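The values are calculated or read from the model by the stated rules, or taken from the named source; none is laboratory data. Nothing here was measured: the structure is a model prediction, and the numbers come from that model. Counting neighbours? That spans all protein chains shown, and the Cβs are built from the backbone with ideal geometry, glycine included.
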Amino acid sequence: MSVTRVELAGRSYEVRVDGGLLADVANQCGPLLRKKRVPVITDANVAKHWQEPVAKSLEAAGHEPRFLVLDPGEGSKSWAVLERVMDWLLAEEVERGDHILALGGGVIGDLTGFAAAILKRGCGFIQLPTTLLAQVDSSVGGKTAINTSAGKNLVGAFHQPSLVLADLDTLSTLPQRELGAGYAEVIKYGILGDRAFFDWCEDNGAKVMAGDREAQEYAVTESVKAKARIVAEDERETTGTRALLNLGHTFGHALEAQTGFSDRLLHGEGVALGMVLSARYSARKAYISQDDAARVTAAISSAGLPSEIAALGLNCSGDALAAHMLHDKKMDAGTLPFILLRDIGEAFVDKQVELSDVSTFLGEQLQAH
Ligand SMILES: NC(=O)c1ccc[n+]([C@@H]2O[C@H](COP(=O)([O-])OP(=O)(O)OC[C@H]3O[C@@H](n4cnc5c(N)ncnc54)[C@H](O)[C@@H]3O)[C@@H](O)[C@H]2O)c1
């Protein structure tokens, strides 16, 4: 088992990475579960595979698990579902000192975390992430949110979990495309801040995707360490360090918007393409070499992730893609910061990027193959 501490003044917590953690959840949580009744929020896909080991472990320790099983998908990060969750937690008489278990991917983690942030002005919660994306990214760092008609993640809170248990066994039931979407976030840590880890990803990405346990454990652990470091440095995204995690997200967001935030392009796939575009745009500005941009592209495509926007068949102009960026929530006083590369392993925030230049660049990329 690897254990990484997220160091935050007065609210430090552990992220444990191993197999078998859900089957041992009661023991892992120990005194954090102080009452007989334990509320667990999950979704139907996750429940099918992972409700039983969690229930068995809790029951064996004398607890009475109570499950709220929600519909899978982004649609559950809504006001309506939040209301349902809050009413259920209140009916279950959850109190401030209690912990709610969030068993699922980023959707369940974000929703449960936000519910925990506002229930009785804040109760505890424990992340049990079951997707690669949730294990390496969303379960660590305390960002919680729901979506509204105005956009994604616009209503939320910073609320840190008390513990994160990333059970590698859960990756075995995850659809391959979802594994890929999570892997995009893994390789992101290498590209943005750790060249040696990028090198490792170049050599081992295919193994992670093929289910190699040792490679998956290393990938998740290194990613968690990177995220923990960044969050400890800049918990509330005020110094710029945490903003680097948005590498690939501005380009990716435009592509997600153009494909209607649908299954046509998963968020992680958008991030993968966005990282390719960030690297190519960095090369266009002569910050990095064309060879390095090609290396980033090859590392992403060799893990089975999309790397060419021309292949999406978008049938739109560069201007149309760039226009989506104006609605990006990272817009700050009229300018949109872009995360670009000075080197592989060295990302930086560029606030001087001309949107018209980005639009020309995107037009070229749409034609390229
Ligand atoms: N809080 C943060 O810092 C942060 C960071 C990145 C992303 N996010 C959020 O995370 C969400 C995306 O997370 P996600 O990709 O985990 O999506 P998700 O929670 O929707 O899970 C993806 C799909 O996999 C299914 N699933 C989950 N675990 C499974 C398993 N072990 N076996 C079989 N099926 C399983 C789910 O039911 C769902 O259909 C988005 O809402 C995004 O905004 C938050």
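Mind checking which residues of the stretch 167-176 are surrounded by fewer than 17 Cβ atoms within 10 Å (Cβ to Cβ) and more than 9 Å from the ligand (Cβ to nearest atom)? First the steps, then the outcome.
If we filter the stretch 167-176 for residues that are surrounded by fewer than 17 Cβ atoms within 10 Å (Cβ to Cβ), which is where we start, we get 172-173, 175-176.
Across the stretch 167-176, the qualifying residue is only GLN176.
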Among the listed residues SER162, SER149, SER139, identify the single one that is more than 30 Å from ALA257 (Cα to Cα) and either modelled with pLDDT under 95 or in contact with a Leu (Cβ under 9 Å, 6 or more places away or on another chain) (or both).
SER162
Residue count, the stretch 39-56, condition in contact (Cβ under 8 Å) with a residue 60 or more places away in the chain and touching an Asp or Glu at 6+ places or on another chain (Cβ under 7 Å), comes to 2
Leading residue by the ranking (surrounded by the most Cβ atoms within 10 Å (Cβ to Cβ)) among those in the stretch 151-166 that are touching a residue at least 60 places away in the same chain (Cβ under 8 Å) and near the ligand (Cβ under 9 Å from one of its atoms)
LYS152
Exactly one of THR148, THR130 is under 24 Å from SER78 (Cα atoms), touching a residue at least 60 places away in the same chain (Cβ under 8 Å) and more than 8 Å from the ligand (Cβ to nearest atom), and that residue is THR148
What are the residues in the stretch 177-205 that are surrounded by fewer than 15 Cβ atoms within 10 Å (Cβ to Cβ) and either away from the ligand (no atom under 14 Å from the Cβ) or among the acidic types (Asp, Glu) (or both), if any?
ARG195, ALA196, ASP203
Which of the residues that make up the stretch 107-118 are surrounded by 21 or more Cβ atoms within 10 Å (Cβ to Cβ) and either near the ligand (Cβ under 10 Å from one of its atoms) or without any contact (Cβ under 8 Å) to a residue 40 or more places away in the chain (or both)?
VAL107, ILE108, GLY109, ASP110, LEU111, GLY113, PHE114
Picked from the stretch 223-272 (must be without any contact (Cβ under 8 Å) to a residue 24 or more places away in the chain, acidic (Asp, Glu) and not in a helix (DSSP H, G or I)), the residue farthest from LYS330 (Cα to Cα) is ASP263
For PRO65, which of the numbered conditions (1) more than 25 Å from ALA26 (Cα to Cα); (2) more than 8 Å from the ligand (Cβ to nearest atom); (3) in a strand (DSSP E or B) fails to hold?
(1)
In this structure, does TRP88 turn out to be over 18 Å from the mean Cα position of the chain (by Cα) and near the ligand (Cβ under 9 Å from one of its atoms)?
no
Search the stretch 40-55 for residues being more than 12 Å from LEU70 (Cβ to Cβ) and surrounded by fewer than 24 Cβ atoms within 10 Å (Cβ to Cβ), and hand back the single one that is farthest from the ligand (Cβ to nearest atom).
ALA55
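Determine whether the stretch 329-340 contains at least one residue that is closer than 30 Å to THR238 by Cβ and at pLDDT 95 or above.
The answer is yes, given that some residue of the stretch 329-340 is closer than 30 Å to THR238 by Cβ and at pLDDT 95 or above.
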